[in-house]
Amino acid sequence: MKEILNAIERAAIRIREEIDTKDIGYSQQQNATGDTQLQLDIKCDLVCEEEFSKAATINTIVSEEQAHKVVMNTASQYFVAFDPLDGSSLIDVNLSVGSIFGIYDGSFDVKDLVAACYVVYGPRTELVFAYEGVVKFYLLQNGEFEFVKNITLDEKGKLTAPGGTQQNWAAYHKEMIDGLFQEGYRLRYSGGMVPDLHQILLKGGGLFSYPGTSDKPDGKLRMLYEALPFAFIFTMAGGDQTDGKNDLLTVDAKYIHDTTPCFFGSKYEIARVKDVYARQ
Ligand code: AHM
Ligand code: MG
């Protein structure tokens with residue numbers, strides 16, 4: 001596990017450098033989900049693959065930016081799914097972006113998810129790693145990651161980050177979000193799940209939602225390398241998560257780029273989501 005964390009740290013340092021200094025234009029290529037890739041998406045994917053190929057304990061990788069799995073060492077233990085540059089459409093407006101990693105032991109089945117990590121490239125570079133507790137580090141000028149604190153969520157938060165096109169929300173979903181605003185919750189939504197979830201985690205709690213909508217019944221966010229790593233992190237930090245009907249950590253993806261509706265937050269808000277969705 002240490003070897004994988006070190007590979008993520010090396011990749012994060014290189015990705016930070018790419019973001020700070022390199023070309024941000026579009027490529028001519030699309031990824032497996034049909035998004036037109038930025039040159040940066042492709043570069044950051046190569047960086048991750050290169051760093052993971054140096055980790056002998058990695059068996060197979062899956063990247064948002066590649067259509068197929070890449071097998072590295074068939075005898076090795078860990079399977080790593082990642083989004084090398086999540087929120088990359090925010091690069092041209094200079095908002096925070098991130099990388100997300102799910103680390104699985106033995107297969108990409110959700111029961112084998114044993115650790116999760118994300119990196120936020122904001123004014124500072126911060127790395128959150130969930131394995132035996134959820135721990136935050138930040139990148140020092142000398143290239144080392146320094147421990148900052150353990151992260152735990154409060155029972156109830158004050159923020160909400162409601163994703164998806166509102167026009168296409170179900171009426172009960174809109175009513176639930178409106179209800180939170182009526183209770184005094186404040187809006188925080190940048191369009192990057194890494195900084196949006198990072199804010200909720202570090203400010204004690206709240207609700208991030210990306211529901212199924214009439215145009216996208218299975219939501220937008222991908223299971224293996226977006227929704228499940230955050231489900232793991234929020235659960236370990238003392239919060240909760242759901243896809244509306246089930247615990248996200250009990251449902252397997254059928255295809256490596258499958259998406260799911262997802263909700264992450266403190267216990268209070270997730271109990272509300274489960275209650276509202278159970279009645280539909
Ligand atoms: P990406 O992987 O193509 O960058 O898309 C994922 C991002 C998430 O970071 C974010 O929560 C979501 O897309 C925002 O979507 P929307 O623009 O529909 O609010
Ligand atoms: Mg993404």
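Taken together, the values in this text are just the output of simple stated rules run on the coordinates, not laboratory data. On a predicted model such as this, the values are computed, not experimentally measured, just so you know. Here Cβ is always computed from backbone atoms with ideal geometry, including for glycine, and neighbour counts include all displayed protein chains.
Any chance segment 80-103 includes a residue that's more than 13 Å from ligand 2 (Cβ to nearest atom), crowded, with 18+ Cβ neighbours inside 10 Å and more than 14 Å from the chain's Cα centre (by Cα)?
no
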(request) Report yes if some residue within segment 39-56 is in contact with a Phe, Trp or Tyr (Cβ under 6 Å, 6 or more places away or on another chain) and charged (D, E, K, R); otherwise report no. (result) no
(message) Of the conditions (1) within 19 Å of ILE13 (Cβ to Cβ); (2) within 13 Å of ligand 1 (Cβ to nearest atom); (3) not in a helix (DSSP H, G or I), CYS44 satisfies every one except a single condition; which number is it?
(response) (3)
(request) Take the residues in segment 83-139 that are outside any strand (DSSP E or B) and of a type in the set (Lys, Arg), then tell me which one is nearest to ligand 1 (Cβ to nearest atom). (result) ARG124
(request) Tell me, please, whether a residue that is assigned to a helix (DSSP H, G or I), of a type in the set (Phe, Trp, Tyr) and over 30 Å from ARG124 (Cβ atoms) can be found in segment 231-252. (result) no
